[in-house]
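Okay, so here's the structure we're looking at.
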Amino acid sequence: MPVIRVYEVATFYTMFQLEPVGKAALIQVCGTTPCQLRGAEGLMAVCKEKIGPKDHLSADGLFTWQEVECLGACCNAPMAQINDYYYEDLTPETLGQIIDDFRAGKKPEPGSYIGRKGSEPEGGPDTLQDPSLFDGSRAKKIKALPNAPNSKKPEKEPA
């Protein structure tokens with residue numbers, strides 16, 4: 001098999017690494033549109049400053065960082081996958097602290113860094129708060145619209 005065929009596959013998929021990765025963390029920063037719009041460039045600047053050039057092992061051997069395509073957590077952008085976990089709703093400051101924690105031998109908690117649960121909106125869920133929207137009681141109160149099919153036409157009052 002020609003070497004170029006192996007190289008094509010190895011460089012296409014982000015799970016294949018062409019050189020050893022950091023002992024403390026492999027940081028994959030999402031670089032697609034939702035993350036870019038919410039600040040991924042700032043996250044990449046922190047990685048470059050604290051780790052060095054992307055796709056290369058840091059001088060201390062602890063880190064490697066990459067820009068990758070969508071990791072599927074767009075609603076919690078910007079985000080990064082670090083080793084096996086997602087770190088979401090990041091800022092340059094929070095990512096810098098995460099890198100410092102890994103460097104110090106700590107294991108930072110994955111998940112949202114603004115306290116968001118799952119994919120709920122910032123500030124918590126805000127839909128379907130009225131039980132009548134989903135328990136059926138509201139349907140009993142709704143009357144037929146005047147121009148709807150099968151609705152009774154109001155009778156004319158005698159003149």
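Since every read-out is calculated from the coordinates, none of them should be taken as a lab result. Everything numeric in this text was worked out from a predicted model, so none of it was measured. Quick reminder, even Gly has a Cβ in these numbers, built from the backbone with ideal geometry, and neighbours come from all protein chains shown.
FRET efficiency for the Lys106 to Leu37 pair, using the beta carbon distance and R₀ = 30 Å, is estimated at 0.50.
Is the shape of the stretch 3-112 best called rounded, prolate or oblate, per the rule: a/c under 1.5 gives rounded, else a/b larger than b/c gives prolate, else oblate, with a ≥ b ≥ c the square roots of the Cα gyration tensor eigenvalues? All intermediate terms of the calculation are to be shown ahead of the outcome.
Details: a/c = 1.83, a/b = 1.19, b/c = 1.53.
Cα axes put the stretch 3-112 in the oblate bin.
Summarising the strand pairing of the chain, around 45 percent of its internal DSSP beta bridges are antiparallel. Only the Cβ atoms of Lys and Arg (+1) and of Asp and Glu (-1) were treated as charged; on that basis the dipole of the chain about its Cα centre amounts to roughly 820 debye.
Quick check for me: using +1 on Lys/Arg Cβ and -1 on Asp/Glu Cβ, what's the dipole size of the stretch 1-73 about its Cα centre, in debye to the nearest 20?
Numbers: 6 positive and 8 negative charges, 20 e Å.
Roughly 100 debye, rounded to the nearest 20.
Think of the chain as having a plus end and a minus end, set by charges on the Cβ of Lys, Arg, Asp and Glu; of His56, Met79, Leu18, Met79 sits farthest toward the positive end of this dipole.
Once both axes come from the Cα atoms, what is the angle between helix 40-50 and the longest principal axis of the chain, in degrees from 0 to 90, rounded to 10? Value to nearest ten degrees: 20. Among Pro121, Cys35, Val68, which residue has its Cα positioned farthest towards the positive end of the charge dipole of the chain, with +1 placed on the Cβ of Lys and Arg, -1 on the Cβ of Asp and Glu, and the dipole taken about the Cα centre? The residue sitting most towards the positive pole is Pro121.
Longer than 24 Å from Cα to Cα, which of Lys23/Lys48; Lys23/Lys117; Lys48/Lys106 are they? Say none if no pair is.
Working: Lys23/Lys48 17 Å; Lys23/Lys117 30 Å; Lys48/Lys106 21 Å.
Over 24 Å apart, Cα to Cα: Lys23/Lys117.
By the Cβ distance rule (another cysteine Cβ under 4.7 Å), the unpaired cysteines of the chain are Cys47, Cys70, Cys74, Cys75. Springs join every pair of Cα atoms under 10 Å in this Gaussian network model of the chain, and among Tyr85, Tyr113, Tyr13 the largest mean-square fluctuation is at Tyr13.
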